[in-house]
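The values are calculated or read from the model by the stated rules, or taken from the named source; none is laboratory data. All figures in this text were calculated on a predicted structure; none of them were measured in a lab. Note that each Cβ is placed from the backbone with ideal geometry, even for glycine, and that neighbours are counted across all protein chains shown.
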Amino acid sequence: MGILLAFAPFIAFVLVDRLVGPTPGLFTGVIVSVILLVRDWVTPGRAPKLLEIGTALLFGGLALYAAVEEPTWSVIGVRLCVDTGLLLIVLVSMAVGRPFTLQYAREQVAPESWSSPEFVRTNYVITAMWACAFFVMVAAELALLYIPGLPRRVGIIAIILALVGAVKFTGWYPEHVTGSRHS
């Protein structure tokens, strides 16, 4: 649940972007990100997570850019910026040795499991799956931008399948690893 809640700023952005426009959508993403960060700061036993901090910085930077420069970007163009930023956050989390799923997984398992190689490896695999999903989203958005005849539904279907696949994999893989160990 925690990992899915971390994507609330992106969901809020998409909804407001679709209904009102990209700049209000970006500011909505900032607001939801900050709310999640404040929740983590004030709740005992919780701490802000890398994904949530990166999301607040991403939406904050894009919202500031939109307010100052007033760009005339397309819906797909702004979503490409957001999803590319999200992909970079995920890749950086892996590069610095802290796959973003690790912080959420630690809320679900006993502290003695946190340093086990299997636990860490499982989180690298899950984070890599999310990186693949975000890469598919970025590729689909690039295709929609640069291949004029491509039906929008093709890009939308690719994005939906990537996200659903990552969510399902996140639920399935830890159980698969645990089940394989006990077989």
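Worth a mention:
- R98 falls short on exactly one of the conditions (1) farther than 29 Å from P22 by Cβ; (2) under 14 Å from the mean Cα position of the chain (by Cα); (3) surrounded by fewer than 20 Cβ atoms within 10 Å (Cβ to Cβ), and that condition is (2).
- Breaking point among (1) buried (at least 18 other Cβ atoms within 10 Å of the Cβ); (2) out of contact with any Pro (no Cβ under 6 Å at 6 or more places or on another chain); (3) without any contact (Cβ under 8 Å) to a residue 60 or more places away in the chain; (4) not small (G, A, S), for L144: (3)
- Qualifying residues in segment 1-45 (those that are modelled with pLDDT of 95 or more and of a type in the set (S, T, Y)) - the one farthest from A63 (Cα to Cα): S33
- Of all residues in segment 148-163, at least one satisfies being within 22 Å of A56 (Cβ to Cβ) and either assigned to a helix (DSSP H, G or I) or within 13 Å of the chain's Cα centre (by Cα) (or both).
- Segment 101-128, subset at pLDDT 95 or above and surrounded by 20 or more Cβ atoms within 10 Å (Cβ to Cβ), residue farthest from T178 (Cα to Cα): T127
- Residue check, G77 within 30 Å of R106 (Cα to Cα), assigned to a helix (DSSP H, G or I) and more than 10 Å from the chain's Cα centre (by Cα): no
- Among the candidates L86, L4, residue that is part of a helix (DSSP H, G or I), in contact (Cβ under 8 Å) with a residue 40 or more places away in the chain and surrounded by fewer than 14 Cβ atoms within 10 Å (Cβ to Cβ): L4
- Some residue of segment 29-50 being assigned to a helix (DSSP H, G or I) and basic (K, R): yes
- Residue check for L19: under 17 Å from the mean Cα position of the chain (by Cα) and either surrounded by 16 or more Cβ atoms within 10 Å (Cβ to Cβ) or not small (G, A, S) (or both): no
- Any hit, segment 116-136, residues being farther than 19 Å from F7 by Cα, in a helix (DSSP H, G or I), without any contact (Cβ under 8 Å) to a residue 12 or more places away in the chain and polar (S, T, N, Q): no
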